[in-house]
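Beneath this line is the structure, given in structure tokens, with notes to follow.
None of the figures in this text is laboratory data; all of them are computed from the coordinates on show. Quick caveat, the model's predicted, so the values are computed rather than measured. Please note: Cβ atoms are built from the backbone with ideal geometry, for glycine as well, and neighbour counts cover all protein chains shown.
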Amino acid sequence: MIPGLERAEFIRWGSVHRNTFINSPRLLLDSLQFRRNPRLFFAGQVTGVEGYMESTAMGLLAGINAYRLASGIPAVVPPPTTAMGALVHYIVHTQAAPFQPMNINFGLFPPVRGGGRKRRQLQATRALEDLKRWKEEVLQQ
Ligand SMILES: Cc1cc2nc3c(=O)[nH]c(=O)nc-3n(C[C@H](O)[C@H](O)[C@H](O)COP(=O)(O)OP(=O)(O)OC[C@H]3O[C@@H](n4cnc5c(N)ncnc54)[C@H](O)[C@@H]3O)c2cc1C
């Protein structure tokens, strides 16, 4: 059915993949620290996110907070109105059972008032503004 692949031979069919992940709502703080031992951080897909960007974002946050812990400054969490913050909020505050991995999607963002068809545009604009403000605050600390 795909142009150019009319004569392709399929050696092996693809298959659904399975993620290995922890129960973050029970085990993690918003900073991605392990509740029972805050010197331990979880990063990437194992936190219960799915995808390249999502895993990288959770690695970035864990890295920032590991640095801050080592430097004796408080951990930071991005606002829930940003993609990174919305994901962290989901993995830490959703129901622990049954907990399933999540991709980033607009359903994770807090709603905006009105907007109609432009609702997502408003959510994206708010996210960029809040991320900019958050970055400035974090860099000052
Ligand atoms: C078939 C498939 C297709 C995918 N397609 C997409 C896609 O199109 N787009 C997308 O966004 N995402 C896709 N994903 C998901 C994406 O690949 C993952 O979400 C992402 O790579 C996870 O990154 P990570 O660094 O958190 O974990 P991983 O990439 O899984 O890295 C974990 C690393 O830890 C190592 N490790 C494990 N245990 C130990 C140990 N005990 N000691 C030392 N090292 C250890 C592993 O070998 C591995 O290198 C796909 C995944 C699969 C399986």
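The set of residues in region 1-30 being more than 16 Å from the ligand (Cβ to nearest atom) and of a type in the set (Lys, Arg) consists of ARG7, ARG26. When the residues of region 35-56 are filtered to those that are buried (at least 16 other Cβ atoms within 10 Å of the Cβ) and in a strand (DSSP E or B), the one that is farthest from the ligand (Cβ to nearest atom) is PHE41. Only a single item in (1) of a type in the set (A, V, I, L, M, F, W, C); (2) touching a residue at least 40 places away in the same chain (Cβ under 8 Å); (3) assigned to a loop (DSSP other than H, G, I, E, B) is not met by ALA127, and it is number (3).
Counting only residues that are outside any loop (DSSP other than H, G, I, E, B) and of a type outside the set (Ser, Thr, Tyr), how many does region 57-101 have? Qualifying residue count, region 57-101: 23. For region 61-77, state whether one or more residues are closer than 18 Å to PHE21 by Cβ and either of a type in the set (Phe, Trp, Tyr) or within 12 Å of the chain's Cα centre (by Cα) (or both). Yes - at least one qualifying residue is present in region 61-77. Of the residues LEU87, LEU69, LEU60, the single one that is more than 11 Å from the ligand (Cβ to nearest atom), over 30 Å from LEU122 (Cα atoms) and free of Cβ contacts under 8 Å to residues at least 60 places away in the same chain is LEU69.
Regarding ARG113, is this residue out of contact with any helix residue (DSSP H, G or I) (no Cβ under 7 Å at 6 or more places or on another chain), assigned to a loop (DSSP other than H, G, I, E, B), among the charged types (D, E, K, R) and surrounded by fewer than 13 Cβ atoms within 10 Å (Cβ to Cβ)? So ARG113 fits the description; yes.
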